[in-house]
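In what follows, a single structure is set out as C-alpha cells and then discussed.
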Amino acid sequence: MESIYDEIEIEDFTFDPVLQIFQYPCPCGDRFAIALDDLKDGEDIAVCPSCSLMVKVIFEPEDLEEYT
C-alpha cells in the first residue's frame, strides 16, 4: 500500500501548459508532478521525483476541462 503524504486540491497545483503537467511544492525542495493525461485516465497520485513522498490530487473530471 502506498503512503500518501497529503491530499491537495487541484486548484492549489500550478499547471504547465507546455509540458501538460500539474506541479506542487514538496517539502524536500522539489515538486510533486502529475500529467494532465494521467488525471484524465483516473490517476490521482502525484509523486516527487527527488524523494519518496506522494500526494493525492483532489479533483472532479470536469475540473480538467479548462486545461484541455
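General observations
Results for (1) modelled with pLDDT of 95 or more; (2) crowded, with 17+ Cβ neighbours inside 10 Å, shown as yes or no for each residue.
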| residue | (1), (2) |
| --- | --- |
| 21 | yes, yes |
| 25 | yes, no |
| 35 | yes, no |
| 41 | yes, no |
| 61 | no, no |
| 67 | no, no |
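- The condition of being in contact (Cβ under 8 Å) with a residue 40 or more places away in the chain, charged (D, E, K, R) and either surrounded by 12 or more Cβ atoms within 10 Å (Cβ to Cβ) or in a strand (DSSP E or B) (or both) holds for residue 7.
- As for the stretch 60-67, it holds no residue that is of a type outside the set (S, T, N, Q), part of a strand (DSSP E or B) and in contact with a helix residue (DSSP H, G or I) (Cβ under 7 Å, 6 or more places away or on another chain).
- All conditions but one from (1) modelled with pLDDT of 95 or more; (2) loosely packed, with under 14 Cβ neighbours inside 10 Å apply to residue 2; the one that does not is (1).
The values are calculated or read from the model by the stated rules, or taken from the named source; none is laboratory data. Please read all numbers here as calculations on a predicted model, not as lab measurements. Neighbour counts run over all protein chains shown; Cβ positions are idealised from the backbone, glycine included.
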